[in-house]
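Participant: Attaching a single structure in structure tokens format; questions to follow.
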Amino acid sequence: MSMSHVIFSTLDHHGLREEPRVTLQVMKDWKIRISLTRNNIWFNEPTQFAFVNESDSFETLRRYLWHLWEETMPEAIPESLRSK
């Protein structure tokens, strides 16, 4: 249960409030849901999400992480990370 939600954030403090985050969630039926939201998805539906299979999961996670970076970081995504 402890690994059913993996939360990615660009913030440097613990205890997320209503702040942007990407969550990788393994559902009970082993589906993978990747979410981009400001809400705690234990209690609220995410703003944006996608159910993915293994072959789509990395590309979807990367796209959501890029969006998180662009929303929360003042500098652009480094070119070395864009090309991977």
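Participant: Here is a list: Ser80, Ser2. Which entry is of a type in the set (Ser, Thr, Tyr), outside any loop (DSSP other than H, G, I, E, B), at pLDDT below 85 and exposed (fewer than 10 other Cβ atoms within 10 Å of the Cβ)? Walk me through how you get there before you give the answer.
Facilitator: Values: Ser2 fails: outside any loop (DSSP other than H, G, I, E, B).
After ruling out the rest, the residue left standing is Ser80.
Participant: For residues that are among the acidic types (Asp, Glu) and either closer than 23 Å to Leu11 by Cα or modelled with pLDDT of 90 or more (or both), tally how many sit in the stretch 47-69.
Facilitator: Number of matching residues: 1.
Participant: Something else now. Does Thr37 satisfy being closer than 22 Å to Leu11 by Cβ, more than 10 Å from the chain's Cα centre (by Cα) and not hydrophobic (A, V, I, L, M, F, W, C)? Let's see the steps before the verdict.
Facilitator: Working: closer than 22 Å to Leu11 by Cβ: yes; more than 10 Å from the chain's Cα centre (by Cα): no; not hydrophobic (A, V, I, L, M, F, W, C): yes.
No, not satisfied.
Participant: Restricting attention to the stretch 35-77, and to residues there that are outside any loop (DSSP other than H, G, I, E, B) and among the aliphatic types (A, V, I, L, M), which single residue is nearest to Glu18 (Cα to Cα)? Break it down stepwise before answering.
Facilitator: Within the stretch 35-77, the first condition is being outside any loop (DSSP other than H, G, I, E, B), and the residues that meet it are 35-37, 48-52, 54-72.
Now restrict to residues that are among the aliphatic types (A, V, I, L, M): 36, 50, 52, 61, 65, 68.
Working: Leu36: 12, Ala50: 20, Val52: 25, Leu61: 20, Leu65: 17, Leu68: 14 Å.
So the residue we want is Leu36.
Participant: Select, from Pro46, Pro20, Pro74, the only residue that is in contact with a Leu (Cβ under 6 Å, 6 or more places away or on another chain) and either touching a residue at least 24 places away in the same chain (Cβ under 8 Å) or on the phi < 0 side of the Ramachandran plot (or both).
Facilitator: Pro20
Participant: Take His13 and tell me if it is exposed (fewer than 13 other Cβ atoms within 10 Å of the Cβ) and either at pLDDT below 85 or farther than 24 Å from Glu70 by Cβ (or both).
Facilitator: Considered against the rule, which asks whether it is exposed (fewer than 13 other Cβ atoms within 10 Å of the Cβ) and either at pLDDT below 85 or farther than 24 Å from Glu70 by Cβ (or both), His13 comes out as yes.
Participant: Can you tell me which residue is surrounded by the fewest Cβ atoms within 10 Å (Cβ to Cβ) among those in the stretch 19-33 that are charged (D, E, K, R) and at pLDDT 85 or above?
Facilitator: Lys31
Participant: Within the stretch 40-77, track down each residue that is of a type in the set (A, V, I, L, M, F, W, C), within 16 Å of Val6 (Cα to Cα) and either surrounded by 15 or more Cβ atoms within 10 Å (Cβ to Cβ) or more than 13 Å from the chain's Cα centre (by Cα) (or both).
Facilitator: If the condition is that a residue be of a type in the set (A, V, I, L, M, F, W, C), within 16 Å of Val6 (Cα to Cα) and either surrounded by 15 or more Cβ atoms within 10 Å (Cβ to Cβ) or more than 13 Å from the chain's Cα centre (by Cα) (or both), then Ile41, Trp42, Phe43, Phe49, Ala50, Val52, Leu61, Leu65, Leu68 are the ones that fit.
The values are calculated or read from the model by the stated rules, or taken from the named source; none is laboratory data. Values in this document were obtained by computation on a predicted structure and should not be read as measured data. We place every Cβ from the backbone using ideal geometry, glycine too, and count neighbours over all the protein chains shown.
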